[in-house]
Amino acid sequence: KLSEYDYIQTSISAGTPLNIEGITKDEIEKIQLPDFIMGKWAGNKDIFLMRVNGESMNNVFSHGSLIAVKKTNLSNLHDGDIVVYSDNEEYAVKRIYIDRENKRFIFKPDSSDKRFFDKVINFDKAENLKIHGKVVLYIVEL
């Protein structure tokens, strides 16, 4: 059986956050994937797919990988989850850590390339921060 998902044509940055104007309906296609590939996420209407661009998450998935992102809110996230986020229209995929003691979000790369650094956003400066979802599955082309 096949299920249909939104596919966002714009690649998400796994490198330096990439400036993307608001993603429009024109940039969203529908694609079908076999349920056996999506596993427990098969048919989930809160899933969208996009490609990864860059090497800042290369310990987990490589440049060009297809990621399945489940829309979620902050209360459902745990330290170390991989998220797609934007801050002032700069989009990226990183691991999230919530430092409640120091009131800040930390977005960490997971890369063998040491040129990538954490992005830290203080809670009081996070008015433009948006968590688009949590990466729940990825498909790598070898």
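The values are calculated or read from the model by the stated rules, or taken from the named source; none is laboratory data. What you see is a predicted model, and the numbers here were worked out from it, not measured in a lab. Every residue, glycine as well, gets a Cβ built from its backbone with ideal geometry; the counts of neighbours run over all protein chains shown.
Conditions: (1) buried (at least 19 other Cβ atoms within 10 Å of the Cβ); (2) touching an Asp or Glu at 6+ places or on another chain (Cβ under 9 Å); (3) closer than 17 Å to TYR7 by Cα. SER56 meets all but one. Number of the miss?
(3)
Could we say that LEU77 is among the hydrophobic types (A, V, I, L, M, F, W, C) and closer than 19 Å to ILE96 by Cβ here?
Working: among the hydrophobic types (A, V, I, L, M, F, W, C): yes; closer than 19 Å to ILE96 by Cβ: yes.
Yes; evaluated as a whole, the condition is true for this residue.
Taking the stretch 82-99 as the region of interest, how many residues are surrounded by fewer than 18 Cβ atoms within 10 Å (Cβ to Cβ) and either touching a residue at least 12 places away in the same chain (Cβ under 8 Å) or of a type outside the set (D, E, K, R) (or both)? Break it down stepwise before answering.
Quick first cut of the stretch 82-99, residues surrounded by fewer than 18 Cβ atoms within 10 Å (Cβ to Cβ) only: 88-90, 97-99.
Now restrict to residues that are either touching a residue at least 12 places away in the same chain (Cβ under 8 Å) or of a type outside the set (D, E, K, R) (or both): 88-90, 97-98.
Summing the residues that are surrounded by fewer than 18 Cβ atoms within 10 Å (Cβ to Cβ) and either touching a residue at least 12 places away in the same chain (Cβ under 8 Å) or of a type outside the set (D, E, K, R) (or both) in the stretch 82-99 gives 5.
Anything in the stretch 123-142 that is over 19 Å from PHE61 (Cα atoms) and either of a type in the set (Val, Ile, Thr) or over 13 Å from the mean Cα position of the chain (by Cα) (or both)? List them, or say none. Talk me through it step by step, then tell me what you get.
So in the stretch 123-142, the residues over 19 Å from PHE61 (Cα atoms) come out as 123-131.
PHE123, ASP124, LYS125, ALA126, GLU127, ASN128, LEU129, ILE131, listed by residue number.
In this structure, does LEU66 turn out to be over 27 Å from PHE105 (Cβ atoms) and either at pLDDT 95 or above or out of contact with any helix residue (DSSP H, G or I) (no Cβ under 8 Å at 6 or more places or on another chain) (or both)?
Judged against the criteria, LEU66 is not a match.
Is the stretch 13-22 home to any residue that is modelled with pLDDT of 95 or more, of a type in the set (Gly, Ala, Ser) and in contact with a Lys or Arg (Cβ under 9 Å, 6 or more places away or on another chain)?
Residues of the stretch 13-22 modelled with pLDDT of 95 or more: none.
Taking every residue of the stretch 13-22 in turn, none turns out to be modelled with pLDDT of 95 or more, of a type in the set (Gly, Ala, Ser) and in contact with a Lys or Arg (Cβ under 9 Å, 6 or more places away or on another chain).
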